[in-house]
Structures are given as C-alpha cells and as structure tokens.
Amino acid sequence: MQQKIIITGGPGTGKSTVIHELIQMNYTCMPEISREITLKAQKKGIVQMFLKKPLLFSQMLLEGRLKQYKEAEENDSQIVFFDRGIPDVHGYMNYLGVDYPNHYKEISKQHEYTQVFMMPPWQKIYISDNERYESFEQSLAIYNHLEKTYKDLNYNIIEVPTGTVRKRVNFILNTLKL
C-alpha cells in the first residue's frame, strides 16, 4: 500500500526546501501549487488572489491538490511526499475567517494521507517575497490553524525539528523508517 506523506506548516518554514531535497534523493514528490496559481493570477492583474478572491483561489487549490492525490495513486511509487495536503485548503480558510463549502472537509475525509509532518514557524529562515505576503506572526497563526485542522481530522502530527535541511530530511525519513 502506498504511503502518502504530507509536509505542511505555515509559510516560510522550509517545506519546499525539504521537498526539493527529497526530489534530489529520488523520492516521488508533489510540489506546492499555490505559487503557480498566484503567479498566473498576477499575470492577469490580480496581485494577491488569495486575499482578493479567497474562495476562487481555494477552489483552484482544492482542484489542484485533488489532481495531485490522484496522480500519486496512479504512480507506482511506494511513498509519495506532498508539499501541503488537501486539508491545508480549509485550514487556510479558517485562518482567514472566510466561510467555505462543507464539501472541502468531506473531500479531506475521503482522501486520506498516511502521515503528517509539520514544519514549525522558524523566524531565522523566514523570508517574505512577491508570492508570500504573510508576516512571521501570520505564519505562526496559520501554523496553529493548520495544526487544528489536521487534529480535527484525527491525524497524528509529527513536528519536524528545526535544523539543516539534511537533518530535517533525515528526521522525516528516520521517523518513517526509510
């Protein structure tokens, strides 16, 4: 049975860097898609689609993450790492305080992952840029909402300690006994 492993956390916590390292080690990984959606929206003149049209942005994320989940199932890899999972969509909506359709949670319940690793907020490495508008304090608040979202879905969350990329990757792989 395929293991589907989520690496999640607030913005700027090193998730994508860890995913990139796992890719270099020849693991199958599904990249974060929110930057792609944000960049496409910016080309259409929408500077912060997540803030201007949060429901549309979230629906696009949900569709993209469902597509990734299905692609993983079609892949014969024994383990697939995801840079964020389906539940992140409604975790972010909870952070914003925006109402969203009930089916977001139902889709999360229907598409289960094997394990969730959370990257904690780490001010030393936090950087904002054109696609990441959140402050460090907002990253911490998002982390808390994501943690609650995953716990509400009965996931056992493992927090990845801060440290070098290699130490973080080794922690994840050792925890999974890979």
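The values are calculated or read from the model by the stated rules, or taken from the named source; none is laboratory data. None of the values given here were measured: they were computed from a predicted structure. So basically every Cβ, Gly included, is an ideal-geometry build from the backbone, and we count neighbours across all protein chains shown.
Here Gly85, Gly64 are screened, and the one residue that is at pLDDT 95 or above and among the small types (Gly, Ala, Ser) is Gly85. For segment 51-99, the set of residues classified as closer than 14 Å to His111 by Cα and polar (S, T, N, Q) consists of Gln68 only. Test of understanding: among Lys70, Lys109, which residue is more than 19 Å from Cys29 (Cβ to Cβ) and not hydrophobic (A, V, I, L, M, F, W, C)? After ruling out the rest, the residue left standing is Lys109. For Thr162, the conditions (1) over 24 Å from Thr38 (Cβ atoms); (2) at pLDDT 95 or above all hold with the exception of (2). Only one entry of His111, His103 meets the criterion of being modelled with pLDDT of 95 or more and over 21 Å from Arg35 (Cβ atoms), and that entry is His111. Taking the criterion of being touching a residue at least 60 places away in the same chain (Cβ under 8 Å) and assigned to a helix (DSSP H, G or I), the residues of segment 62-78 that qualify are Tyr69, Ala72, Glu73.
Here's a check for you: in segment 10-36, which residue that is modelled with pLDDT of 95 or more and more than 14 Å from Asn170 (Cβ to Cβ) is farthest from the chain's Cα centre (by Cα)? Among those that are modelled with pLDDT of 95 or more and more than 14 Å from Asn170 (Cβ to Cβ), it is Asn26.
Evaluation of Lys67 against the conditions (1) touching a helix residue (DSSP H, G or I) at 6+ places or on another chain (Cβ under 7 Å); (2) farther than 23 Å from Ile157 by Cα shows that the sole unmet condition is (1). When Glu159 is tested against (1) farther than 22 Å from Ser58 by Cβ; (2) more than 16 Å from the chain's Cα centre (by Cα); (3) charged (D, E, K, R), just one condition goes unmet, and that condition is (2). Just so you know, in segment 49-71 the residues that are among the polar types (S, T, N, Q) and farther than 16 Å from Ile7 by Cα include one that is surrounded by the most Cβ atoms within 10 Å (Cβ to Cβ), and it is Ser58.
Picking from residues in segment 138-159 that are hydrophobic (A, V, I, L, M, F, W, C) and at pLDDT 95 or above, the one that is nearest to Glu106 (Cα to Cα) is Leu153. For segment 1-48, name all the residues that are of a type in the set (A, V, I, L, M, F, W, C) and surrounded by 15 or more Cβ atoms within 10 Å (Cβ to Cβ). Of everything in segment 1-48, those that are of a type in the set (A, V, I, L, M, F, W, C) and surrounded by 15 or more Cβ atoms within 10 Å (Cβ to Cβ) turn out to be Ile5, Ile6, Ile7, Val18, Ile19, Leu22, Cys29, Met30, Ile33, Ile37, Ala41, Ile46.
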